[in-house]
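Single-structure report; data block below.
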Amino acid sequence: MSSENLSLREEILKLKEEKRAIILSHNYQRDEVQDIADFVGDSLELSRTASTIKCDIIVFAGVHFMAESASILSPDKKVLLTEIGAGCPMADMIKVDSPRPVRKSFPGFDNPPSYVYPPEFTLRDIRAQNPGVPVVAYVNTTADIKAESDICCTSANVVKVIESLPDEKVICIPDKNLAMWAARNTKKQVIAWDGFCHVHERVTPEDIKKARAEHPGAVVIAHPECRLDVLEMVDHVTSTSGMLRYAKASAEKEFVIGTEIGLLYRLRKENPDKVFYPLRKDMICPNMKKTSLKSVLRALREDNYVIKVPEHIRIPAKRALDRMLEIK
Ligand code: 13P
Ligand code: SF4
């Protein structure tokens, strides 16, 4: 480690102690940020930790919706996002409502087996056209979307969440890939929306063929934010922490990893006897990479950037998150 990073680390650890702060990091963060964190995990684990952790300040090394979820679950704590510009383009794709005129009908709309709503539809449009159908919101959504949803899900529990509902039909927003994957794994009808993660959406079946040719003995694992035609070609589909558990438990020695490359750091650290290859070297989330040790230190020093969800949104959003967290 560079001497600059060593001194940044020392300052962060000192301030963290003084301010009774806890650092949470997503699995996609830079190596040195993961190393300074008190807890590193996937979206589900981070939500669970944020809801139970004892501290005065939560420093969130991740993206905006994650810090919002921490604020929703822990309103008594100060929640700091390390970089205010670290958003999630997928979370920002869907809006609760919009002043724009929207098209109200589409060919095939009336009887879709798993219909994908086009992007000009807002959450309220979809609700109005499917009265009584519950909305399952991926945690990668803004707080106001969660507030108008029935229950949240993460990539780790989407099928369990859908199965927990008594309804035969569910609306699953905003990631069409996650929704399609869930539809594949449940008998229920899933109505999707046309959102996607640009990091995972870029993977094609060609990439899988190439990876299999280059690493014939390797197990190929992919995140459910990848396209369904990609997911159908891999050996295992799971969330980021699901990949960590799978690799650790597996007797296999080589793995191709189809998710943001930040996960490879933990995979390699926790499994020194195994080899991990990125499915594509350009699976990099620029927003996740905005946070550096300097950002963590600045957050602690200046108490910024504070993420506080207003109560009229926080309370209904918490209902949707709590309902998810109750599912074991
Ligand atoms: P998980 O950590 O839930 O696997 O999600 C990945 C992701 O894209 C978070 O933004
Ligand atoms: Fe959003 Fe994709 Fe980045 Fe996750 S990896 S924060 S879903 S853009």
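Here, each number is a calculation from the coordinates, and none is a lab measurement. Computed from a predicted model, the values in this text were never measured in an experiment. With ideal geometry, Cβ positions are generated from the backbone for all residues, glycine too; neighbour counts draw on all protein chains shown.
Highest mobility in the GNM of the chain, judged by mean-square fluctuation with C-alpha springs under 10 Å and restricted to 53, 23, 208, is found for 53.
Annotation for residue 202 and residue 189: the two label points, set 7 Å from Cα along the Cα-Cβ direction, are 3.7 nm apart. Per residue of the chain, the DSSP helices (runs of n ≥ 4 H) give a summed -39500 (n - 2.57) that works out to -11000 deg cm²/dmol at 222 nm. Per-residue Karplus couplings for segment 158-167, computed as 6.51 cos²θ - 1.76 cosθ + 1.60 with θ equal to phi - 60°, are listed in order as 4, 5, 4, 5, 4, 5, 6, 8, x, 6 Hz, Gly and Pro entered as x. According to the Cα-based calculation, Rg over Rh for the chain is 0.97, with Rh computed by the Kirkwood formula. In percent, rounded to a whole number, the relative contact order of the chain is 23, using alpha-carbon pairs under 8 Å and six or more apart. Anything over 27 Å Cα to Cα? Flag those among 19/289; 248/289; 187/253; 19/294, in the order listed. In this structure, 187/253 exceed 27 Å between Cα atoms.
For the chain, with a Gaussian network of springs between Cα atoms less than 10 Å apart, report the residue from 281, 95, 176 with the top mean-square fluctuation. Maximum among the listed residues: 281. With only the Cα atoms considered, segment 1-42 has a convex hull volume of 53 Å³ per residue. A simple spin-label model places the labels of residue 209 and residue 274 2.8 nm from each other, with each point 7 Å out along Cα-to-Cβ.
As a size descriptor, the averaged projected area of the C-alpha convex hull of segment 174-279 was calculated at 6.7 nm². Among 179, 67, 251, which one moves the most in a GNM of the chain with springs linking Cα atoms closer than 10 Å? Comparing 179, 67, 251 in a Gaussian network model of the chain, the most mobile one is 251. The residue list 177, 46, 264 was ranked by how far each Cα lies along the charge dipole of the chain toward its positive end, using unit charges on Cβ atoms, and 46 comes out on top.
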